[in-house]
Amino acid sequence: MTSELLRRDLLPGDGGRVLCAVSGGLDSMCLLSLCREAGYDTACAHYDHSLRPDSGMDAAFVADWCAARGIPFYTEREDVAALARAWGLGTEAAARRARYAFLERAADALHCAVIATAHTADDQAETMLLQLCRGAGSRGLSGIPPRRGRVVRPLLAVPRRELERYARETGIPHREDPTNAGDSFARNRLRHHVLPVLETVNPAFLGNFGRCAARLAEDDACLYAQAEAFLEANPSLPADRLLALPEAVRGRVYRLAAGRSLEWVHVPILDDLCRGGNGRRVSLPEGDAAEKHSGCLRFFFAGTPAGIVPVTLYPGFRGHLDGPALDVHCEICPSGAEIHNSFNTFFFSCENIYGSMTLRARMPGDRLRPVGRNCVKSVKKLLSEAGVPPERRDSIPVLADEKGVLAVYGFPQDERAVARPGEACMAVSFTPGTGRV
């Protein structure tokens, strides 16, 4: 049955270790068992969110199961509710961010080639339906990707009922999260009431959803490639050239340039701004804004420390930071031959950049695992230990993607997205400048 369930092409074929993300629930316990049964060098990571009084019992259950079978085990406990308040995020969003950051740390500590999560075909369908209800475009409707960086989902095409059958036949134990039984969360309501109805319409709907997600992901990647090419050729965002683009491409250019807080409902608002006269400004969510200036579109961002206005980086980007007086250049390179030789030029593996890359100031909770230091440091502590005066710390450039910090100017970059020699990569360089870029 193992070969029927696991998608082997997502797992290392050269003896590399697989880190299974295990909550203690049925899906993740089956994933751990299946990987071990298939002969993979398997390790286990459990993240305790501290969101339930009995969450420690889940950690103990998984730890005991692994100990009885000699499976390397790694765990951390964090107060996710406190992190959510510090980051200004909802609990679910903060939990996801903290959990994936933990998994990267665990994979580093246990020397794992990939991180496997137990998302199933049911999870994929639920995600697509939630995105449909929110009015998402092709990126949202493409659902959960099978691979992102070193995170893989080898059970993504498997219906949950197949895992339930496997668990019954093999006696795999698990712990049920009591919050899964109720209908308080939208995902639970879809799981309990909508998916059973869809199965009466077409028993093969889960597989059809998966194929639809794959096609939408291909279409979305094609359109974003066109948007990136436009940005590379037109980094100043001239309004007339923007309006000449097909709407599907133009909307993606807006999203790449804005970097955050932008949804498809804002596309016609920005279109009207581009059509109007210079000097007009429109408000965007979270205090952000856009303005037409000298015939070009400009974005302004709120809620970040003074000194650096956040900006999304893309191949061909050239900009200037007034506070630290640095020119910034971003480009795709065929090889990262100079990796680690300088702390003002960084080379990132394109495959391991999550979403868009942003240049910004430090934020509460920022941390990274500097190359060669074998430890995780908060950016605050990194700057403090280096003797950077407090009044200068908010003007130190930070590079980050949707998962977290990638690099801090003047320091080794984070291990997570390091490009290897000979690998195509995104290069970001900082040079003393006057603003004439």
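Among SER294, GLY39, ILE269, whose Cα sits farthest toward the positive end of the charge dipole of the chain (+1 at Cβ of Lys/Arg, -1 at Cβ of Asp/Glu, about the Cα centre)?
Positive-most Cα among the choices belongs to SER294.
Give, rounded to the nearest 20 debye, the magnitude of the charge dipole that the stretch 23-96 has about its Cα centre when Lys and Arg contribute +1 at Cβ and Asp and Glu contribute -1 at Cβ.
On the way: 6 positive and 11 negative charges, 14 e Å.
In debye, rounded to 20, the stretch 23-96 gives about 60.
Along the positive direction of the dipole of the chain (beta-carbon charges: Lys, Arg +1; Asp, Glu -1; about the Cα centre), which of LEU326, GLY137, VAL201 reaches farthest?
LEU326
Contour minus end-to-end for SER378 and ARG85, with contour as 0.36 nm per residue of separation and end-to-end as the Cα-Cα distance?
On the way: separation 293, 0.36 × 293 = 105.48 nm, distance 1.73 nm.
Fully extending the segment from SER378 to ARG85 adds 103.8 nm.
Have a look at ASN374, ALA427, PHE348 and report the one farthest towards the positive end of the charge dipole of the stretch 311-432, computed about the Cα centre with Cβ charges (Lys/Arg +1, Asp/Glu -1).
ASN374
Assign unit charges at the C-beta atoms only (+1 for Lys and Arg, -1 for Asp and Glu), then state the dipole size of the stretch 2-211 relative to its Cα centre in Debye, rounded to the nearest 20.
Charge dipole of the stretch 2-211: 600 debye, to the nearest 20.
Rounded to the nearest 0.05, what FRET efficiency do ARG77 and ASN202 give with R0 = 56 Å and r taken as the Cβ-Cβ distance? Could you check?
0.85
Quick one: check the C-alpha center-to-center distance for the stretch 9-40 versus the stretch 105-125, whole angstrom.
8
Could you tell me how far the Cα centroid of the stretch 349-366 sits from the Cα centroid of the stretch 146-174, in Å?
Taking the Cα centre of the stretch 349-366 as reference, the centre of the stretch 146-174 is 30 Å away.
Given +1 on the Cβ of Lys and Arg, -1 on the Cβ of Asp and Glu, and no further charges, what dipole in debye does the chain carry about its Cα centre, rounded to the nearest 20?
So the magnitude is around 520 debye.
Return the FRET efficiency for the residue pair ARG161, ALA229: r is the Cβ-Cβ distance, R0 is 41 Å, and the value is rounded to the nearest 0.05.
Taking R0 as 41 Å, the efficiency between ARG161 and ALA229 is 0.40.
Where in the chain are the DSSP H helices whose alpha-carbon span along the long axis reaches 24 Å or more and whose Kyte-Doolittle mean is at least 0.0?
TM-like helix candidates: 205-233.
Translational D (Stokes-Einstein, µm²/s) of the stretch 2-211 at 25 °C and 0.890 mPa s when Rh comes from the Kirkwood sum over C-alpha pairs?
Details: Rh = 17.9 Å.
Rounded to a whole number, D works out at 137 µm²/s.
Quick one: what are the phi-derived ³J(HN,Hα) couplings along the stretch 414-426, Karplus 6.51/-1.76/1.60 with θ = phi - 60°, whole Hz, x for glycine and proline?
Once rounded to whole Hz, the list reads 5, 5, 4, 10, 5, 7, 8, x, x, 9, 4, 8, 9.
Under a straight-distance cross-link criterion of Cα-Cα below 14 Å, which aspartates and glutamates are reachable from LYS403, leaving out those fewer than 8 residues away in the same chain?
Filter leaves GLU104, GLU351, ASP366, ASP414, GLU415.
Under a 5 Å amide H to amide H cut-off, with H placed in plane at 1.01 Å, what residues pair with ASP288 once short-range neighbours are removed?
Hits under the 5 Å cutoff: ALA302.
Around ASP219, what is the net charge, scoring Lys/Arg as +1 and Asp/Glu as -1 over all other residues with Cβ under 12 Å from its Cβ?
Result for the local shell: +1.
Rule-based calculations on the coordinates, nothing more; no lab input. Just so you know, these numbers come straight off a predicted model, no measurement behind them. We place every Cβ from the backbone using ideal geometry, glycine too, and count neighbours over all the protein chains shown.
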